[in-house]
Amino acid sequence: MIIPRNIIDELIAQAEKDAPDETCGYLLGTITPSTGGGRGEALVTENYPMENIDHSPEHFSFAPRDQFAALKYARSKGLKILANWHSHPASPSRPSQEDLRLANDPAIRYAILSLLDGEPKLNSFKILNGEVVDKEIHL
């Protein structure tokens, strides 16, 4: 998954604004067709920010109305939900046990932006059956 720097900067700004609570959203974009028969390249074109209705520094939940609005918006623009993302204000950019347990959509990636020690790090993960099967480093 390719995340342009301007989108990464948006995620960092959102995470810093909402800290010390976790923040969250969807990464929307397109998938280019593959020439080799596999899945094509995913390109993020937009951050769709959402409210963390838990207002917690240790976990997050999307409001169902926000999820439906994001899906409707993505469809209206011809985009796909490529990833669910959230911040870890004071922990590393890796899935917690709760993140692994709640990652139930095998079609998307799960991106985590860490603000630990004031040095943002962004990784995304493919999670299947509660296990990380792929990691990509974005920042």
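For the reader, a short list of remarks on this structure follows.
- Set side by side, the residues Ala69, Ala83, Ala107, Ala74 differ, and just one is under 22 Å from Glu136 (Cβ atoms) and in a helix (DSSP H, G or I), which is Ala74.
- Residue ID - surrounded by the fewest Cβ atoms within 10 Å (Cβ to Cβ), chosen from residues in segment 110-129 that are in a helix (DSSP H, G or I) and not aliphatic (A, V, I, L, M): Gly118
- Just one of the listed residues (Asp21, Asp54, Asp9) is under 18 Å from Ser93 (Cα atoms), modelled with pLDDT of 95 or more and more than 15 Å from the chain's Cα centre (by Cα), and it is Asp21.
- Considered as a group, the residues in segment 68-109 that are without any contact (Cβ under 8 Å) to a residue 60 or more places away in the chain, among the aliphatic types (A, V, I, L, M) and within 16 Å of Asp134 (Cα to Cα) include one that is surrounded by the fewest Cβ atoms within 10 Å (Cβ to Cβ), and that residue is Ala107.
- The one condition in (1) under 15 Å from Leu115 (Cα atoms); (2) out of contact with any strand residue (DSSP E or B) (no Cβ under 9 Å at 6 or more places or on another chain); (3) among the hydrophobic types (A, V, I, L, M, F, W, C) that Phe68 fails to fulfil: (1)
The values are calculated or read from the model by the stated rules, or taken from the named source; none is laboratory data. All of these numbers come straight from a predicted model, not from anything done at the bench. Note that each Cβ is placed from the backbone with ideal geometry, even for glycine, and that neighbours are counted across all protein chains shown.
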